[in-house]
Amino acid sequence: MRRTTLGPFEVSRLCLGAMLMGGATPADQARAMVDRFVDSGGNFVDTADVYGDGASERTLAPWLARHRDRVVLATKVRFGVSDPGGEGLSPERIRAACEASLRRLGVDTIDLYQVHAPDPAVPLEDTLAALDGLVRAGKVRALGASNFPAWLLAWAVATQDREGWAPFVSLQPQYSLVERTAELELLPLCRAAGLGVLPWGPLGAGFLTGRYRRDRMPADGRVSTAPGDLEEAADRRATERNFRVVDAATEIAERHGRPVAQVALAWLLGVPGVTAPIIGPRTPAQLEDLLGATDLDLEDAERARLSEPAPPPDVSPHRMLRDQIGLPDVPTLRRHRPTTPT
Ligand SMILES: NC(=O)c1ccc[n+]([C@@H]2O[C@H](COP(=O)([O-])OP(=O)(O)OC[C@H]3O[C@@H](n4cnc5c(N)ncnc54)[C@H](OP(=O)(O)O)[C@@H]3O)[C@@H](O)[C@H]2O)c1
């Protein structure tokens, strides 16, 4: 599997998401999937304290006890869990949550510690200083953010830079062929500031696998069963324009003799600035289907065909800058000195 650089790490271009491990994916199957992923060249695993209220981290622990040095291990903090209780990003809670994750995972150090989402109840500086403290204490090696709007991430990165605090080296946004809003602000910011991008939901929760058809939605699929407030809720995901993306991916998959899901992942892997999509297979067979994605190279015409049906929203000022001033869709930033972490 191909590799790339992320902050201080060399990571595989697919990251294995552990959200379902110890839940919809039984623990023994989950550990066999991590084995298979690593045997195929993967070395990057993403979990969170909130997944299964600690069950995902606990499921990984016996595997990590044998193979800690074989993976770059990422977890997250922010949402409510029973240990340490409470929720949010106050300095005390961040320190307690980090200790709890270290305990559950059975490791001395977390490689990438990510803020799962912003917490407007806590001053940003307090959160960033606490995260810096964890790096200085050797509890975590690097920091990441997830689900931050671009203005807040830019503010955080600039604050870390100004204060000399440990920087965010990555952003974990939702990003796929059927959710491309990240292209408007987040991706240009991450490219300019040198942050890696780890797309979550790269298959739109399974929509981009060919399993969902206009006339046949699988009764047990994540999209079919998602409550209305989830991103993958059927009325948001199973739309005509998104089905046209699946049509394009199916056509291209047939041409290459690959699974549809690999085409969706290969498209993401070809977007400048994308480090590693986080795949979330529920079963070993689903994992097997996805593993070859990093060596599938799409032609420009194929990328264009996939991109056409469900573009990101056309918003101001981007539209005005493009149509009236002739600037590119996504303006880039010229700088005299690089912002950390590049
Ligand atoms: N930062 C965040 O807020 C956030 C949010 C969500 C996820 N994540 C991370 O990102 C990871 C992936 O997210 P995700 O689960 O939403 O990703 P995804 O890849 O878009 O969706 C995974 C779902 O796709 C289906 N699937 C996967 N491989 C398949 C295959 N080969 N054939 C058919 N169906 C297949 C399965 O659905 P069925 O179960 O219906 O079969 C699976 O549950 C998670 O594990 C987690 O680490 C982060």
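The values are calculated or read from the model by the stated rules, or taken from the named source; none is laboratory data. Note that the coordinates shown come from a computational prediction; the quantities given were computed from them, not determined experimentally. Methodologically, a virtual Cβ is constructed for each residue, glycine included, from the backbone with ideal geometry; neighbour enumeration extends over all protein chains shown. Just the protein is used for accessible areas: all its heavy atoms, side chains included, with ligands, DNA and RNA removed. Shrake-Rupley method; radii C 1.70, N 1.55, O 1.52, S 1.80 Å.
A few remarks follow.
- Hey, Gly41 outside any helix (DSSP H, G or I), in contact with a strand residue (DSSP E or B) (Cβ under 9 Å, 6 or more places away or on another chain), touching a residue at least 24 places away in the same chain (Cβ under 8 Å) and not charged (D, E, K, R) or not: yes
- The criterion of being at pLDDT 95 or above, open to solvent by 30 Å² or more (accessible area, probe 1.4 Å) and hydrophobic (A, V, I, L, M, F, W, C) holds for Ala65.
- Residues located in region 76-116, provided they are within 22 Å of the chain's Cα centre (by Cα) and among the hydroxyl-bearing types (Ser, Thr, Tyr): Ser101, Thr109, Tyr113
- Condition met for Ala158 (more than 19 Å from the chain's Cα centre (by Cα), away from the ligand (no atom under 15 Å from the Cβ), open to solvent by 40 Å² or more (accessible area, probe 1.4 Å) and at negative phi): yes
- Pick from region 266-293, criterion open to solvent by 40 Å² or more (accessible area, probe 1.4 Å) and assigned to a helix (DSSP H, G or I), ranking: farthest from the ligand (Cβ to nearest atom): Pro284
- Selection within region 44-58: residues that are open to solvent by 10 Å² or more (accessible area, probe 1.4 Å) and in a helix (DSSP H, G or I). The member of this set that is farthest from Gly201 (Cα to Cα) is Arg58.
- Consider region 199-226 and keep the residues that are more than 6 Å from the ligand (Cβ to nearest atom) and in contact with a Leu (Cβ under 7 Å, 6 or more places away or on another chain). The one that is farthest from Phe148 (Cα to Cα) is Leu208.
- Qualifying residue in region 252-265 (condition: closer than 19 Å to Gly41 by Cα, open to solvent by less than 40 Å² (accessible area, probe 1.4 Å) and in a loop (DSSP other than H, G, I, E, B)): no
- Count of residues meeting criterion [in contact (Cβ under 8 Å) with a residue 40 or more places away in the chain, more than 9 Å from the ligand (Cβ to nearest atom) and open to solvent by 10 Å² or more (accessible area, probe 1.4 Å)] in region 11-27: 1
- Residues that are of a type in the set (D, E, K, R) and within 15 Å of the ligand (Cβ to nearest atom), drawn from region 32-52: Arg36, Asp46, Asp49
- Selection count, region 176-200, where residues are out of contact with any Asp or Glu (no Cβ under 8 Å at 6 or more places or on another chain), crowded, with 22+ Cβ neighbours inside 10 Å and assigned to a loop (DSSP other than H, G, I, E, B): 4
- Subset of region 219-249 [assigned to a helix (DSSP H, G or I), open to solvent by 20 Å² or more (accessible area, probe 1.4 Å), touching a helix residue (DSSP H, G or I) at 6+ places or on another chain (Cβ under 7 Å) and not basic (Lys, Arg)]: Ser224, Ala234
- All positions within region 10-57 that are closer than 18 Å to Gly196 by Cα and aliphatic (A, V, I, L, M): Val11, Leu14, Leu16, Val45
- Selection over region 94-110 of residues that are out of contact with any Pro (no Cβ under 7 Å at 6 or more places or on another chain) and surrounded by fewer than 21 Cβ atoms within 10 Å (Cβ to Cβ) gives a count of 8.
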